[in-house]
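The values are calculated or read from the model by the stated rules, or taken from the named source; none is laboratory data. A quick note: this is a predicted structure, and the numbers were derived from the prediction, not measured. We place every Cβ from the backbone using ideal geometry, glycine too, and count neighbours over all the protein chains shown.
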């Protein structure tokens, strides 16, 4: 192996490792990297072509360039890097599997080459950089939505499980609606401001009313009045978010495919004149010499041809159509991000509603400390909350005791 380590201090340290494609005999002589193999018919006989030659193909003498080894080498690199990270007490770990193979529902970002990285560092936005920013924003929004929905679903499941106990504690035979509970929350908040100044009471009451009123308007629009309807709405919200993310994934995948195709088109068009010159050479030795001196250009040209055969439906392409499609897909990503932001805003409203309801619903601790055989009332629960709050506020307003007062208490 021939290797070179590059670290220019630009945040992109890397190594170039070159491995030979040829085997070597015991005397140090290079062996051919491929051999000619004749194609055989059903009877095991060679197949003669119209030109009079025998049909054949090339086979590599070694499998060192087989793609299957990439997985093995990548895993070896991850194991080695993680061993040194652990030895140096670093928290980071490498996992070279894709998100899909790790079971992570997350959109991967696109690899940015050295040229793109340098442009981004200079503040020049690129197509790849913009795509990655949109992907990261979508992933962040989806993670936030999933987390809030998961917590809300857990809260609802707990309420359903303890529904009978809650209704008994509330002294109600019929399940209270969410708007009714929110009205109780406003009453609770009003009681908490009993010893506030008139100006403070007014300001606090208006602020609470506006927030709760906006939430109740949202609940009416969405048809949410009970815990069951809230649960159903959360399922719908989750489905909407998943649908948007699937659309983002589809767009991102297609954009990657277009970028790859455009990259091969660039290579094909840049090296087509070199291949044309190579094909026009009639003398074998001269042709071999030309091929050796232009190996990189010819390899890039042939790689593009192979990619076209595998990925183009026909034999032609339209750079203009591909660029237009990419522009359309890329311009739709911010709009899809706005859809996720709208979903996130809805979930945040429901999260606030949960927080408010938790303040008026009898707590588990209160139900456990209630007198045996006696139903704790909502009024008692509210009074207990108000009394605790007043005590805390009174303690905050009391001036600090002097050393003499502390000694007298002792």
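What do you reckon, is residue 43 part of a loop (DSSP other than H, G, I, E, B), exposed (fewer than 12 other Cβ atoms within 10 Å of the Cβ), touching a residue at least 40 places away in the same chain (Cβ under 8 Å) and out of contact with any helix residue (DSSP H, G or I) (no Cβ under 6 Å at 6 or more places or on another chain)? Quick ask: steps written out before the conclusion?
Values: part of a loop (DSSP other than H, G, I, E, B): yes; exposed (fewer than 12 other Cβ atoms within 10 Å of the Cβ): yes; touching a residue at least 40 places away in the same chain (Cβ under 8 Å): no; out of contact with any helix residue (DSSP H, G or I) (no Cβ under 6 Å at 6 or more places or on another chain): yes.
Here the answer is no, as residue 43 does not meet what is asked.
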Notebook entry, point to check: Name the residues in the stretch 316-328 that are surrounded by fewer than 17 Cβ atoms within 10 Å (Cβ to Cβ) and in a helix (DSSP H, G or I), would you?
Noted result: 319, 320, 321, 322, 323, 324, 325, 327, 328
Checklist line | the stretch 258-297, residues that are surrounded by 11 or more Cβ atoms within 10 Å (Cβ to Cβ) and either touching a strand residue (DSSP E or B) at 6+ places or on another chain (Cβ under 6 Å) or over 30 Å from residue 323 (Cβ atoms) (or both) | finding: 281, 287, 288, 289, 290, 291
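Residues are listed down the side, and each one gets a yes or a no for (1) modelled with pLDDT under 90; (2) under 16 Å from the mean Cα position of the chain (by Cα); (3) exposed (fewer than 11 other Cβ atoms within 10 Å of the Cβ); (4) under 30 Å from residue 227 (Cα atoms):
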site	(1), (2), (3), (4)
109	yes, yes, no, no
118	yes, no, no, no
130	yes, yes, no, no
158	yes, no, no, yes
Next item on the list: Check residue 250 against each of (1) touching a helix residue (DSSP H, G or I) at 6+ places or on another chain (Cβ under 8 Å); (2) within 27 Å of residue 335 (Cβ to Cβ) and name the one condition it does not meet.
Entry: (1)
Check: For the stretch 168-192, what are the residues that are more than 14 Å from residue 357 (Cα to Cα), modelled with pLDDT under 85 and surrounded by fewer than 19 Cβ atoms within 10 Å (Cβ to Cβ)?
Finding: 168, 171, 172, 173, 174
Next item on the list: Would you please name the residue that is surrounded by the fewest Cβ atoms within 10 Å (Cβ to Cβ), looking only at residues in the stretch 300-315 that are more than 29 Å from residue 132 (Cβ to Cβ) and touching a helix residue (DSSP H, G or I) at 6+ places or on another chain (Cβ under 9 Å)?
Entry: 315
